[in-house]
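The values are calculated or read from the model by the stated rules, or taken from the named source; none is laboratory data. Note that the coordinates shown come from a computational prediction; the quantities given were computed from them, not determined experimentally. Please note: Cβ atoms are built from the backbone with ideal geometry, for glycine as well, and neighbour counts cover all protein chains shown. Surface areas here come from the heavy atoms of the whole protein model, side chains and all, with no ligands, DNA or RNA. Shrake-Rupley method; radii C 1.70, N 1.55, O 1.52, S 1.80 Å.
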Amino acid sequence: NSTSYGGFYIGAASGHDTPTSPGGWFQVAYLTTPTASNEQRFTFTSPSVPITGGIGTAPGGIVTYDGTKTIFVTITCTVVYNDDGGGNNAFEFGIAKNKTSPTFTPETPSVLSLLIGGGAYNAATLVYTDTITTGDDFQLVVQNISSSDDIEIISTQFLIKE
C-alpha cells in the first residue's frame with residue numbers, strides 16, 4: 001500500500017493575463033512560480049507559458065506522477081480569477097492530462113463553464129477523477145468561448161490525491 005499526493009499553489013498574487021485569443025485552450029500563466037506542495041510520488045515543474053500581448057512568458061504549473069503502479073486519483077483545483085475585459089464573458093476551465101503543445105484540450109469530465117463579469121474576482125473549483133500511470137501529468141487550462149478578452153489568475157490551489 002502507498003499514498004500518493006502532489007500539487008502546487010500560488011496565493012493572493014495578481015497574475016499575468018493568460019491570453020485566450022484567438023481561441024482554444026491555453027495553459028494558465030502565473031505572476032510568480034507556483035510553490036510545490038509536499039509531494040509524494042509526484043514531481044512539480046514550472047514551464048514558461050505565453051502571456052498577453054506577446055511580451056514574453058510567465059511560469060506555468062505541471063504535476064507529474066512518478067510512482068511505479070497504476071493508481072486512482074482525485075484532482076481538485078480551486079482558482080480565483082478576473083475577466084480583464086470588463087464584460088460578461090463565458091470562460092471555461094479544465095484539467096489537461098499529458099498535453100505538451102502550445103494549446104491544450106482538457107479531459108472532458110473536468111471542464112467547468114462559467115459566465116463572469118469583468119473586474120469582479122470570482123472563485124471556482126474543479127474536481128476530476130482518473131486512473132493514472134507513471135509519467136502522466138496534469139495542469140490547469142482555460143479558454144474564453146464568448147470573446148477575445150483575457151483572464152487574470154489571482155490564486156490557485158491544484159491538488160492530486162490517491
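Can you report the number of residues in the range 119-161 which are within 11 Å of residue 81 (Cβ to Cβ) and in a loop (DSSP other than H, G, I, E, B)?
3
Of all residues in the range 48-73 being at pLDDT 90 or above and not aliphatic (A, V, I, L, M), which is nearest to residue 28 (Cα to Cα)?
Here the answer is 64.
Can you tell me which residue in the range 139-150 is nearest to residue 31 (Cα to Cα), limited to those that are more than 12 Å from the chain's Cα centre (by Cα) and open to solvent by less than 50 Å² (accessible area, probe 1.4 Å)?
Going through the qualifying residues, I end up with 150.
Scan the range 70-87 and give yes if some residue there is without any contact (Cβ under 8 Å) to a residue 60 or more places away in the chain and either surrounded by 18 or more Cβ atoms within 10 Å (Cβ to Cβ) or among the charged types (D, E, K, R) (or both), otherwise no.
No, the range 70-87 contains no residue that is without any contact (Cβ under 8 Å) to a residue 60 or more places away in the chain and either surrounded by 18 or more Cβ atoms within 10 Å (Cβ to Cβ) or among the charged types (D, E, K, R) (or both).
Quick check, is residue 56 surrounded by fewer than 18 Cβ atoms within 10 Å (Cβ to Cβ) and free of Cβ contacts under 8 Å to residues at least 12 places away in the same chain?
For residue 56, the condition - surrounded by fewer than 18 Cβ atoms within 10 Å (Cβ to Cβ) and free of Cβ contacts under 8 Å to residues at least 12 places away in the same chain - is met.
Hey, residue 130 hits all of (1) at pLDDT 85 or above; (2) of a type in the set (D, E, K, R); (3) within 15 Å of the chain's Cα centre (by Cα) but one; which does it fall short on?
(3)
Filtering the range 18-44 down to residues that are in a strand (DSSP E or B) and open to solvent by less than 50 Å² (accessible area, probe 1.4 Å), which residue is modelled with the lowest pLDDT?
18
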